[in-house]
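As structure tokens, the structure follows; a few thoughts come after it.
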Amino acid sequence: MDPKSNFSTSRERKTNPLVWCAAIICTVLTIAVIIAGIVTFIGYLVIHPMVPYVSVIDAHLDRMQLDYAGVLEIQVTILIRAKNGNEKAHASFSDSSYSLGLNGEVVAQLVAPPFDVGKNSSVDFNYVVPSSPIPLGPEQAEDVDVGLKKDLIIFDLKGGTRVRWRIGGHLGSVRFLCHLDCQLHFHPLNGTYIPSRCSSKAK
């Protein structure tokens, strides 16, 4: 008998059954992940989900007064719409909070309790925002006075709301933040709002 052949045979070892079991489990898990991905993708194409969003659709500067001591008083009405364009999924909104700023100073806070928006529907929140008397520094008071004389006042609106919605009955849910960061322009003489884009919806 060939010595080399005897040497090779003596060195052969059987594969440990645990290794085979691990390989089979990994294969099954890989196939399951692939199938789940395919099902999710097909479900996405069938349902064609649309991302809910929030936007400012109207506003009005109800009152704005600056006295000689540099104390500012305002009241603003802002109409924010939460829109869910999905025909097969409800959307839940929570932690809705927005800050209204003027010349770098936060003058009011807008908040709303948790709420749901039905399929292919929307909910409007009419925020009436009165502020407490706000003492301004000399430069801030001067900026406001210039805006009043030019009949143009610009507020900053920043904040957002958390949204949760289900892509499908068995496809899981998605959570994300609808964020607003925009400017609201007003004519203080009559309080009218100058419409401009203010939405969390992608362009």
Legend entry - R0 of 35 Å, Cβ-Cβ distance Q65-H90: FRET efficiency to nearest 0.05: 0.20
Inset, instruction - Report the label-to-label distance for I194 and E73 in nanometres (one decimal), using points 7 Å from each Cα along the Cα→Cβ vector. - result: 2.7 nm
Inset, instruction - Skip the ligands, DNA and RNA, and give the accessible area per residue of the range 67-203 with a 1.4 Å probe, whole Å². - result: 55 Å²
Inset, instruction - Please list 82-95, 125-138 highest first by mean number of surrounding beta-carbon atoms within 10 Å per residue. - result: 82-95, 125-138
Inset, instruction - Could you check the simple spin-label distance between Q109 and N16, using points 7 Å along Cα→Cβ, in nm with one decimal? - result: 5.9 nm
Legend entry - With all protein chains modelled, accessible area of C182 [1.4 Å, Å²]: 20 Å²
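The values are calculated or read from the model by the stated rules, or taken from the named source; none is laboratory data. This one's a predicted model, so the numbers in the text were calculated from it and none came from an experiment. Positions of Cβ are backbone-derived with ideal geometry, glycine not excepted, and every protein chain shown enters the neighbour counts. For accessibility, only protein heavy atoms count, side chains too; no ligands or nucleic acids. Shrake-Rupley method; radii C 1.70, N 1.55, O 1.52, S 1.80 Å.
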